[in-house]
Every structure is written in C-alpha cells, then in structure tokens.
Amino acid sequence: MILLSFVLSFIFAASENKCIPEHIKIPFPDMNLEYVRVSPDGKHLIVTDTEKDKVYLYEVVNDGGKYSLRKYETPLRNEAYPVEPDWEFISSPYHDGGTQYFRVSDLIQLQDKATSVYKETALNEFYHSIGGDKDGFTVMSWTRLQSQKYKVVEDKIKAEGELETICPNLMDLPENLRHLKSWMLSDYQKVDEIVSNSDFGGALDMVMKACYAKVTVIAEGCGKLIKTGKGTIVECKENINRRSDICLEQYVTSLKKLIKADTAMSNVTEEDVDNYIKLGNFLTSDEASMHILINPILSNDRKHVAGVYGDSTKVYSIGAGRYCTQENDLKSRTSKVSFSYPTVDGDTKYVTYSDLEYNEETKSDVKVVKVYDLKSNKTYTIATGDSSYSNFTKDERIIYVESDTLNIVDAHKKMYGTCIKDTQSSSSGAGSPASQ
Amino acid sequence: MQLLMVVTFFAHASGEKCSNEINKLLQKHQSKGEWTQLSSTDGDIVKRSPTSNIGEWVQIINRKSGDKVSIIKPDSMTDYTVDTSCMVKKEVSSHHFLNAKFEKNKKDFFSDQDLKLKMKKNKLGLIYVWSPKFIYSVKEFSAIKKTAESLGYSFHAVMAADDNPEKLNSSSFSHISKDFRRRNASLELLLQKSDLHSPTMFIYKNNKWSAKPLVGVFTKKALEQELKKYL
C-alpha cells in the first residue's frame, strides 16, 4: 500500500511537471494575412484572408499529440476582432452599415449562417481593438483613440455612456489650439469628470436628438427636391450644413446653461467651459487622427494602451480621466503590439510584436517576432522570419503564422529556459489555458 | 562576399575616446544624425541614420571590443572597425544588403534608382507603400491617391517587398495598376521600416524627405492638412 501510494504520488508529480511541447508546427493554408487573433485558451484563431476578402474561424484540434485545424466559414468582414478577454463575441467592422457583433458559439454552430446579435453605428473602423473584464468591455478606435464602453446584461450587449477619447493628454495639439495644452494637462480632466458624472449627458442627448431630427427631415426633403429637379445637391448640402451648425451652437449654449445651473460646477469658470468645448470639438474631429498614437492597441484588460509616439513604440497605463502615463519605451518603432492576458494577480506582463533585427553574420535585416517584458524592460527574440503578427494565449504561449505553418511556441522556454506546464494535455486544443 | 579592399588607418585619440574618429567618419559620409535604434541578432544595439544621399545610410554598433561604423549602400558595404586604441580598419565588400532576389527581374522591383528618379523628376511627391495583407492600405488606396494628387503631389505606390504578386488576382486589387504593384527593393525605404506596417507614406520635396514616414491611414481632412504643410 505504501509502495502504491509512493508510485502514484511519483506519477502525479511527474505529470504535474510535464511541459507543453516547445514548438508545435501545424500546416496552414497559404493566404494573404497579417493578423491572426488567438483565443485565450489557444483553441481558436480568427484569420482574415485579404485576397478572398473572407474571415475564417479556425479550431486547433489536438488528437493525442497530433495537431490539425478545423475551419469554420463565417459571415465576418475584414479585420474582425474578438471581444477580450473571453471571446464570447467577435466584432465585424464595416458590416451592413456598422460594426456587427456575432456570438462565437453561433459562428461555430451556424458558420456563415450566423446572424449578428448587436450593431454599433457610432464606432465603425478597421484596426479597432477591444479589451474587457468581468464588468464589460471597451472598444477603441484606431484613428482618434475614441472608446465606447459596453456591458453584457442578460446575454445582451448594451452600450454604456458616450464616446470618450483615450489619452487626451498625449494629443499634440495643432497650432491654433497649442495655447490650450497647459490647460488641458491641468484642468481638462476636472471639467471632463464633472461633465461625465453629471446628468448633462442625458439632457444634452435630448437636445441634440431633437435638433438632428430636423437635419434628417431637411435631408429627406432635399432628396425629393433633387429627384424632381427643384433643387441641387450643392444647395442641399448647404442647408444641411447650416442646420448642423445651428445644432452645434445649440449644444454649446445648452451645455453652458447646464453647467451654470449645476452647483458641482461652481468652481468651473466660463473660460474652462469654452476651452472644454474647443478641445472636445478637436478630439472628435478628423484632424485629431494626426496628433496622437500611431498603431494604437488596447490591452486585453483595457487598462493599458500601446502605440508609436514620437520615434518609438510606448506602453501607457490608462488612469483617471483616461489620461495616459508612459510605463515603457520599446526604443524602436515596431509593428502594432499585442498584449499578454493579465495574470491571476491582474498584471499584464508582456507585449509581443514584429520588428527588424540586424544579422551581423549575413549583414542584412531580418524580420523577427519579439517579446518585451514590461516589468524588467528586457526584450526577447522568439522567432526569425517573415511571419504574421504574433499573439499570446493566456498561459503565455505565442502563436503566429509563417507562410504555410501555424507556430505555437513556449515563450517561457525562449525567454527563461523554463517551460510552461501542461495542465490539460488530454483535451482538444493547442495545450492548456493558465489558471483562470 | 567578395573582399575588395582593406585599408588601415591609424588614429591617436583616446577615451570615449574614439568619438573624434567616429565623428570624422560620420561627417565624411554626410550622416544626418537622425538616429534610430534596433537590436542585432547577437544582442548588440545598432544605431542607424540616413545620410544626405538617398539610398546610403550609416550604422554604428557599439561593442566592448570597439565600435563598428558601416556605410550601407544597396550594392556595397563599407565597415570601419574602431578598436579600443582608436585604430580604424576599413573593409569594403560588394555585399548586397537586400535580398539577392531583387537583382533578378529588376523591372518587377522598385529600387533606390527608381526612387531617385521619381524624386528628381517631381518637385513634390508621395510614395505609398502598401500590402495586400493590410486591407486598409488596399481599400484606402484610391482615396489617398486622389487626396495627394488634388494637392499637386505626384503619387507613386510600391508593394511591400515580401508580398506575392501572384496573389493579387481577386477584384479587391483591381484598382491598383501594374506600375503600382512593383515590389519594394529600395534600401532607403526599407531602412525606414516601410514594410512593417501598411500603408506607410513618404513625402518628398525638392529631392529631400519633408517629414518622417506617416504610418497608417488617416482621415481625408487630416491627411489634407498634413500634406498642405509641405506645399
């Protein structure tokens, strides 16, 4: 009996210490792709084939150590992005007039017959990114770093609040607004917080909806006039623009009135309000896209943002008022990064990305997959070659596609010489998720 | 790699000491001193700067055993090894920094020579590096071309070096003409990481770069405002 328990405990200890395979290679269809999104358990991939203009969902099947891929057709459009951190939904931008959200379970079951469960028209862009936690998720746009929060209530997606700019303090203001930079860094946040926490949003919404309803009426009327030859497109546009300007003026007047009437705003001056409106108009304008992070991406836990600022890629934490504080400088202008999933302690430890490295032996540059440790500021090279952008699984494997091969790499082995423990080798999938 | 010539210089500076020798080399090769940093596969820090000559860059690798200054050209490389006593050793090789595949079928590739011709021929221009893998660079192609041309820019597009021209058969790419499907073989563009993300745009005026590369897609109004700066 003693011997048996000794043998069992030995076997148990041995299986506990078993490593995941150091590098799994799975044949992958040859296609035009750059982005491969990987589910936290490494079991599913979203891939956009830009040549065929199609998005596929792949499942990594592990049949006793023999790996293969199962393909699911989807109705998703280019640059579909998963709702992190649990992949319950996938967003599909520029899809029938907005960003459509599909349930992953529907995609697996119904494939290209799956239908959208939610449509967003206000935030609709390629290269958007999504982070989330148990309370919901946030979608961040590429061009202006505008973000929208959502909650999942009784299995349904619901938008929460208004569009908000992430990292307004990083905005390099254009010349005509540069004098507001110091006000923006000191007082913008204060006014923004008061406005965000007040009932203004609802009241202003009503004012604006009524005003823009008139714009819609004018537009519809215009359409009829053009059709019957009684009006021109130019006249029509002028009318619509004039009415829209009236709406904007009405917005400003209403906001000022509401602020004046609110006791919480007693220490906010008229000048503060003017500055707030000027900056608000700029932050939501087309021009703003030239003055902020390039290649931005939101972390999976929505607490960080990364992008190229100045000459290099930097990682920021998002604090109060959505102000951003620089935490890391990768000292190189890299590809768009991908964040690791937060650990059980809530830490986001790494980013992975593509960059160039100089090979001293061949005297030429090579494309490499890299990992940057956000705590130690150390960089590790995971693979060399022309590959897709890389992504993490929750247990910190790295997955990327290189020509016709899907690569699943134990990042710990490459970085520290240790290995990721296999806790779920018998199940389907490319290994195991870390403790949830 | 064919060794053409080895010349040795002697210098007598000391200390961080060899900065005089290094600065002389940088000056001689007209370094612009606009340094960017990358790693080497050996773990060294590599610093690079463009020079006043399109398609020629300087590179410095700092090592304990001494620094190495290299002059990179599309078809040759000159290495100056500066040892701890500031002795400078020069080595020139007919090394092709870019993949040798660019040397075959030259008409399929966009070289530094092509870039220089464009910059000489047009006073003001925009080079648009796109990739079929980055759908934004394909979908926004016509809009950006139109915006640039409406402001008087000469527009030219180049496909990223590693993309496969045989995979452009779908209608998604039909709006991109053959001339704009030549693959990027320009050292000048590639050393500015033109292919790491698409689109990457380069603006030139009077035979010189006017701005740092513009990475990504911008709204029409924002791009117009940016391009108007250089008119």
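The numbers here are math on the coordinates, done by the rules we state, and not lab data. These figures come from a predicted structure and were not determined experimentally. When we count neighbours, we look across all protein chains shown, and the Cβ atoms used for this are built from the backbone with ideal geometry, even at glycine.
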Dipole of the range A:309-367, positive direction: furthest Cα of A:S340, A:T325, A:Y358, with charges on the beta-carbon: A:T325
Within straight-line cross-link reach of A:K156, aspartates and glutamates at Cα separation under 19 Å, skipping those fewer than 8 residues along the same chain: A:E84, A:D86, A:E88, A:D106, A:E120, A:D133, A:D135
The range A:225-358 shape via C-alpha gyration tensor axes, a/c threshold 1.5: oblate
Three-way shape call for the protein assembly as shown based on the alpha-carbon gyration tensor, with the a/c threshold at 1.5: oblate
Helix-derived mean residue ellipticity, 222 nm - over chain B, DSSP H n ≥ 4, -39500 (n - 2.57), to 500: -5500 deg cm²/dmol
For the range A:57-132 and the range A:325-389, distance of Cα centres in Å: 26
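Cβ under 14 Å from A:D245's Cβ, A:D245 left aside: what net charge do those residues give with Lys, Arg +1 and Asp, Glu -1?
Details: positive: A:K214, A:K237, A:R242, A:R243; negative: A:E238, A:E249.
Here the count lands on +2.
Among A:D365, A:D112, rank each residue by its count of other Cβ atoms within 10 Å, from fewest to most, as a rough exposure measure. Working shown, then result.
Values: A:D365 23, A:D112 13.
So the ranking, lowest neighbour count to highest, is A:D112, A:D365.
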Selection of trypsin sites (Lys or Arg not before Pro), the range A:313-375, meeting DSSP coil and at most 14 other Cβ within 10 Å: A:K375
Chain A: most fluctuating residue of A:Q148, A:Q111, A:Q100 per GNM, C-alpha cutoff 10 Å: A:Q111
Rounded Å value of the spacing that divides the Cα centres of the range A:207-224 and the range B:142-202: 41
Degrees separating the helix B:19-28 axis from the principal Cα axis of chain B, which is the longest one: 50
Computed over chain A: relative contact order in percent, which uses C-alpha pairs under 8 Å that are six or more apart: 18
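If we count GluC sites (Glu not before Pro) as exposed when they sit in a DSSP loop and have at most 11 other beta carbons within 10 Å, what is the longest stretch of chain A that avoids them all? Display every interim value, and only then the final one.
Working: sites that count: A:E154, A:E361.
The segment A:155-360 is the longest one with no such site.
About its Cα centre, how strong a charge dipole does the range A:300-346 have in debye, to the nearest 20, once Lys and Arg get +1 and Asp and Glu get -1 at the Cβ?
Values: 7 positive and 5 negative charges, 38 e Å.
So the dipole magnitude of the range A:300-346 works out to roughly 180 debye.
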Label-zone membership for the range A:369-390, site A:T405, 7 angstrom Cα→C-beta point, backbone N under 15 Å: A:369, A:382-388
Residues with amide H under 5 Å from that of A:E327, placed H, sequence gap 5 or more: A:V315, A:Y316, A:S317
Cα centre as origin, Lys/Arg/Asp/Glu Cβ charges: the protein assembly as shown dipole, Debye: 1920
Residue among A:V252, B:V158, A:I157 farthest towards the positive dipole end of the protein assembly as shown, charges placed on Cβ: B:V158
Total lysine pairs whose alpha carbons fall under 20 Å of each other in the range A:331-398 (8 or more apart, or interchain): 19
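Using a ≥ b ≥ c from the Cα gyration tensor of the range B:169-231 (square roots of the eigenvalues), is it rounded, prolate or oblate, where a/c under 1.5 gives rounded and otherwise the larger of a/b and b/c decides, a/b for prolate? Let's see the in-between values first.
On the way: a/c = 1.88, a/b = 1.28, b/c = 1.46.
Judged from the Cα gyration tensor, the range B:169-231 comes out oblate (a/c at least 1.5, b/c at or above a/b).
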Assigned charges on the beta-carbon of Lys, Arg, Asp, Glu; the range A:258-417 dipole about Cα centre (debye): 380
Which of A:A80, A:L69, A:G97, positive extreme of dipole for the range A:69-109 (C-beta unit charges): A:L69
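Rounded to the nearest 500 deg cm²/dmol, what is the calculated helix-only ellipticity per residue at 222 nm for chain A, with -39500 (n - 2.57) per DSSP H run of length n ≥ 4? Let's see the in-between values first.
Numbers: 7 runs with 108 residues, N = 436.
Calculated at 222 nm, the ellipticity per residue is -8000 deg cm²/dmol.
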Average projected area [Cα convex hull, the range A:274-431], square nanometres: 12.6
Residues of type lysines that A:K256 reaches as a straight line, Cα spacing below 30 Å, ignoring anything fewer than 8 places off in the same chain: A:K149, A:K158, A:K181, A:K190, A:K209, A:K214, A:K237, A:K278, B:K221
